[in-house]
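All remarks here apply to the structure that follows.
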Amino acid sequence: MKKTYAAITAINGWVPEYRLTNAELEKMVDTTEEWILSRTGITERRILKEPGMGTSDIGANAVKGLLKKRGITADQIDLLICSTVTPDYQFPATSNLIADKVGATKAWAFDTNAACSGFLFTLATAAQFIESGKYKKVVVVGADKMSSIIDYTDRATCILFGDGGGAVLLEPSEEPYGIMDFEMGTDGSGFPFLHQKAGGSVKPASLESVAAKEHFVYQEGQSVFKFAVTKMADVAELVMKRNNLSGEDVAWLVPHQANKRIIDATARRCGTDDDKVMINIDHFGNTTNGTIPLCLWEWESRLKKGDNLILAAFGGGFTWGSIYLKWAYDTK
Ligand code: UT7
């Protein structure tokens with residue numbers, strides 16, 4: 001039987017207007033522009049300041065534009081999956097709220113959580129629904145309002161993260177375009193190094209947990225860095241080797257954007273030249289589930305049908321993954 005491929009047929013992104021610059025952070029915590037830029041590569045990040053707006057608004061804005069670009073209506077979506085670590089609420093799922101906001105009345109919807117690897121885990125999952133022949137139109141959203149879980153008195157974390165996200169549409173392709181291969185991994189023993197201490201079932205919210213600032217991102221940066229720098233490169237290299245791809249065969253490396261130094265190390269291992277690496281950490285910071293779809297969105301006009309893309313991520317959990325994607329369309 002002929003294989004059906006899950007191809008990305010449209011991409012869109014959305015970020016809030018407000019720009020939190022390094023100069024502004026200098027006034028908030030004991031840091032310098034020079035430290036932030038040299039250690040992370042970030043100059044500014046977007047922050048969703050409007051009260052009452054959450055991750056579902058980021059996702060809904062991205063999906064509305066996505067449907068417009070593809071020229072389809074929301075009721076044509078079969079399934080909508082949102083990957084986030086900052087859901088609007090503990091329940092119901094943020095994807096349900098996005099589906100409602102865009103009018104995806106015939107879709108079922110659920111959330112996934114694999115921290116910074118979430119978009120790739122979800123893309124690989126969503127592809128199965130297309131490849132099996134079950135569905136024709138699946139939307140994957142990767143979005144986070146990281147500012148909702150950041151302690152803006154903690155200089156080690158508040159300089160890193162930003163808000164934003166993107167959405168892709170997956171459709172069947174009889175030709176070999178789309179998701180060609182993937183490899184994912186998890187290691188729960190990485191939990192102590194990157195997590196949110198309270199607000200879940202082990203430690204529900206209490207006056208004490210709020211006073212102890214346990215609802216914010218907790219990260220032991222150096223330990224996470226050591227794992228990230230090897231795991232992200234390892235998994236990308238594995239997927240390339242398995243598909244007989246050299247650095248020259250890859251049109252674009254699309255890495256998760258946690259730290260410019262981690263991105264550079266991954267590019268070196270993949271043999272990818274700097275000008276073939278998508279980077280948005282400088283102007284968006286680490287948007288967690290948003291980093292990779294936002295990269296694809298900003299680079300869309302430069303992507304050509306048949307381009308080989310290597311997507312790679314590492315995140316809390318620990319989680320890591322890489323996808324080999326053959327781009328399916330030229331932008332008109
Ligand atoms: O996306 C999910 C996965 N996350 C990651 O992949 C993140 C991986 N980790 C990192 O990217 C880096 O570890 C960070 C960017 C978070 C930190 O960079 P680092 O080079 O590992 O710095 P460090 O944590 O080792 O801190 C070095 C020094 C410390 O001071 P002492 O102890 O040497 O005196 C920190 O207190 O820098 C200090 N420091 C700062 N100084 C100025 C930490 N944050 C700041 C700051 N401004 N914002």
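Read-outs throughout are calculated quantities, based only on the coordinates presented, and are distinct from any laboratory measurement. Source: prediction; values computed, not measured. Cβ placement follows ideal geometry from the backbone for every residue including glycine, while neighbour counts extend to all protein chains displayed.
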Exercise for the section: Obtain the nm distance between the two label points defined at Thr186 and Glu33 by a simple spin-label model: each point lies 7 Å from its Cα along the Cα-to-C-beta direction. Expected result: 4.2 nm
Fill in the blank from the handout: Highest mean packing first, using Cβ neighbours within 10 angstrom, the peptides 8-16, 23-31 sort as 8-16, 23-31
Completion exercise
Between Glu50 and Ser209, the FRET efficiency computed from the C-beta separation at R0 = 35 Å comes out, to the nearest 0.05, as 0.85
Exercise for the section: Report, ordered by chain and residue number, the aspartates and glutamates lying within cross-link reach of Lys68, taken as a straight Cα distance under 18 Å and ignoring same-chain residues fewer than 8 apart. Expected result: Asp57, Asp78, Asp100, Glu171, Glu298, Glu300, Asp330
Problem - Label-to-label distance, nm, for residues given as Thr331 and Thr153 (7 Å Cα→Cβ offset) - result: 4.3 nm
Handout entry: the stretch 274-332 versus the stretch 224-240: alpha-carbon centroid distance in Å
Key = 16 Å
Practice task
Springs between alpha-carbon atoms under 10 Å, Gaussian network over the chain: tell me which of Asp163, Asp111, Asp274 tops the mean-square fluctuations.
Solution key: Asp274
Fill in the blank from the handout: Zone reached by a paramagnetic label modelled 7 Å from Ser223 Cα along Cα→Cβ, restricted to the stretch 125-156 with backbone N below 18 Å, covers 156
Problem - Positive-end residue of His215, Leu37, Thr105, charge dipole of the chain with Cβ unit charges - result: Thr105
Completion exercise
Karplus ³J(HN,Hα) for the stretch 319-332 (6.51 cos²θ - 1.76 cosθ + 1.60, θ = phi - 60°; Hz, whole; x = Gly/Pro) runs 9, 7, x, 8, 10, 9, 10, 9, 5, 9, 8, 9, 7, 7
